[in-house]
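None of the figures in this text is laboratory data; all of them are computed from the coordinates on show. Quick caveat: nothing in here was measured; it's all calculated off a predicted structure. Quick reminder, even Gly has a Cβ in these numbers, built from the backbone with ideal geometry, and neighbours come from all protein chains shown.
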Amino acid sequence: MSTTIPAYHPVSAPDYLPRKQMRELQTARLKRMVERAYTVELYRNRMNEKGVTPADIQSIDDISKLPFTMKNDLRDTYPYGLFASPMNEIVRLHASSGTTGKPIVVAYTKEDLDVWDEVVARALVGYGVTEKDIVQVAYGYGLFTGGLGLHGGASRLGCTVVPISGGNTERQIMLMRDFNVTCCGCTPSYFVHIIDKALQMGVNMRDLPIKFGAFGAEPWSEEVRAYIEEQAGIKAFNIYGLSEICGPGVGAECCFQDGMHIFEDHFYPEIIDPATGEVLPDGTEGELVLSTLSKDAMPMLRYRTRDITTIDVEPCKCGRTIRRIRPIRRRSDDMLIIRGVNVFPSQIETGILRVDGASPHFQIVLETGADGLDRIEVKVEATPDALDDTVASVEQFKKSIAQSISQIIGLSVKITLVQPYTIARSEGKMNRVVDNRKK
Ligand code: AMP
Ligand code: ZN
């Protein structure tokens, strides 16, 4: 199918800046950002340790002189230690619980919220969403940035917003149908659940007017994209972000769905070797490092995201000049080391969905065998069709899934088919791994 380029919208003007002008803008903004950051004790100390002062930052290329910031820095300065604006200028706080320890807190001034709305609006424009669209925001509202982030961007674009938040899936489907919703935002795993529930309710998502999905907050594979697009009859677009930088809207796909454009007039991307911290040239895979270029309340200098990707400098067919990153399939900290082999949950997902008729609902269970070696069991939900089949064909089905996964990860896995709807669903980010191995 050919892709039509959506109509130009003025909010997206920075997406098309000539590179030279973009670099000048980035330089001017970085200089200002570093001066602001220097008023914060942690940044000032770090820069002093490295012998760098704001005066040393004369061009965007000087960014590599600056120290990195890590998640622990946000924890250590909890709650307000990284703020560069007085509290009376801070109009919003968000927090991310992460998996361990104290939450991290992030802050926004009025201007920061304006930038956030703008970048999310630019993301939606890239998909082809317009003010005529009705956008159901099924990301969680609250301290998590997903709900209010998409809400702000869709409102800025002038869409009709349905702020339903996550959960109550039957109601999601009822409203989607009754309100003629044309765009839905949530985690891809939650949308897969919505599709399932609709089927159970006898609703064919393909009959509904919904045509766009804004999916992010967790890694997802091309196979899940194909599944969603096929089952729901929509175009499923990726949106990327993280609380530390602003929330969703750091980057997003355009109509070509070929990598996510980074809104680099506000967020400067670099790729580093996670082991050495060395900056890698564009086109090389490594850890994404992001710096905010306009965030007043809480500047982030060279934040190490742990997300693994590549910066793509090839011009995009859509005409945007801002660079793209490849979809993020893994984080350096969601890597499982199984019998010494590095395995990412997204690889297992790809393996499962390459088999015709396999369900995207799965769980990875790791155990230590009697011989002391790791065992991987992948529980995959059977589809009602699979259960009707003969024992021999069920065995063959399991074998196909096991082989498909082994081909990708190079390890043998045990597949267990479990009853439909028995693997816990998530309304937000999905955790697919149960690690029962003896440490
Ligand atoms: P949080 O700050 O809690 O929203 O989590 C941010 C993290 O979610 C990022 O660092 C990524 O690891 C992940 N994430 C967000 N959006 C995406 C996406 N589109 N694809 C893959 N991972 C994502
Ligand atoms: Zn593009």
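Just list whichever of LYS379/LYS399; LYS132/LYS211; LYS31/LYS295; LYS110/LYS295; LYS211/LYS235; LYS398/LYS429 have alpha carbons separated by over 18 Å in the model shown. Mind showing how you got there, number by number?
Details: LYS379/LYS399 13 Å; LYS132/LYS211 13 Å; LYS31/LYS295 13 Å; LYS110/LYS295 10 Å; LYS211/LYS235 6 Å; LYS398/LYS429 27 Å.
With Cα atoms farther than 18 Å apart: LYS398/LYS429.
Note the direction-averaged projected area, equal to a quarter of the hull surface, for the Cα convex hull of the stretch 254-322, in nm². Each step should come with its number before you reach the end.
Values: hull surface 20.2 nm².
For the stretch 254-322, the mean projected area of the Cα convex hull comes to 5.0 nm².
DSSP beta bridges confined to the stretch 78-230 are antiparallel in about 40 percent of cases. Projecting the Cα positions of TRP220, VAL91, GLN407 onto the charge dipole of the chain (unit charges on Cβ atoms of Lys, Arg, Asp and Glu, taken about the Cα centre) puts VAL91 furthest along the positive direction.
Given 0.36 nm per residue, what is the gain on full extension from LEU93 to ASP207 after removing their alpha carbon distance, in nm?
So the extension gain works out to 37.1 nm.
Would you mind classifying the stretch 114-189 by shape? Square roots of the alpha carbon gyration tensor eigenvalues, ordered a ≥ b ≥ c; an a/c under 1.5 is rounded, otherwise it is prolate if a/b is larger than b/c and oblate if not. Note, shape of the stretch 114-189 comes out oblate. With Cα atoms defining each centre, the stretch 235-297 and the stretch 383-413 are spaced 37 Å apart in the structure. Compare LYS20, LYS399, LYS102 in a GNM of the chain, Cα atoms joined below 10 Å, and give the one with the largest fluctuation. Among LYS20, LYS399, LYS102, the largest GNM mean-square fluctuation belongs to LYS20. Using every pair of distinct Cα positions in the stretch 71-130, the Kirkwood expression returns a hydrodynamic radius of 13.2 angstrom.
Plainly put, the stretch 300-439 has a radius of gyration that is 1.05 times its Kirkwood radius, both from alpha-carbon atoms, as the Rg/Rh ratio.
According to the Cα gyration tensor, what semi-axes, each the square root of 5 times an eigenvalue, does the equivalent ellipsoid of the stretch 138-263 have, listed from largest to smallest in whole Å?
For the stretch 138-263, the semi-axes come out at 22, 17, 13 Å.
Mind pulling up the Rg/Rh value for the chain? Radius of gyration and Kirkwood radius, both on Cα.
Numbers: Rg = 22.4 Å, Rh = 22.9 Å.
Using only Cα positions, Rg/Rh for the chain is 0.98.
Rg and Dmax over the alpha-carbon atoms of the stretch 14-138 stand at 17.5, 53 Å.
Semi-axes of the equivalent ellipsoid for the stretch 360-439, computed as √(5λ) from the eigenvalues of its C-alpha gyration tensor and ordered from largest down, come to 22, 18, 11 Å.
For GLU170 and ALA226, what does the FRET efficiency come to when R0 = 30 Å and r is the distance between their Cβ atoms, rounded to the nearest 0.05? Spell out each step's value before the answer.
On the way: r = 26 Å, r/R0 = 0.86.
Computed FRET efficiency for GLU170 and ALA226 comes out at 0.70.
Compute a Gaussian network model of the chain, connecting alpha carbons closer than 10 Å, and tell me which residue from ARG44, ARG324, ARG302 fluctuates the most. Fluctuation is largest for ARG44.
Normalising the Debye intensity of the stretch 204-305 to I(0), with uniform scatterers on Cα atoms only, and taking log10 at q = 0.12, 0.14, 0.24 Å⁻¹ returns -0.49, -0.64, -1.27. The chymotrypsin sites (Phe, Trp or Tyr not before Pro) of the stretch 145-229 include none that meets both criteria, a DSSP state outside H, G, I, E and B (loop) and at most 11 other C-beta atoms within 10 angstrom of the site's C-beta.
Label positions at GLN21 and THR4, each projected 7 Å from the Cα along the C-beta direction, are separated by 2.8 nm.
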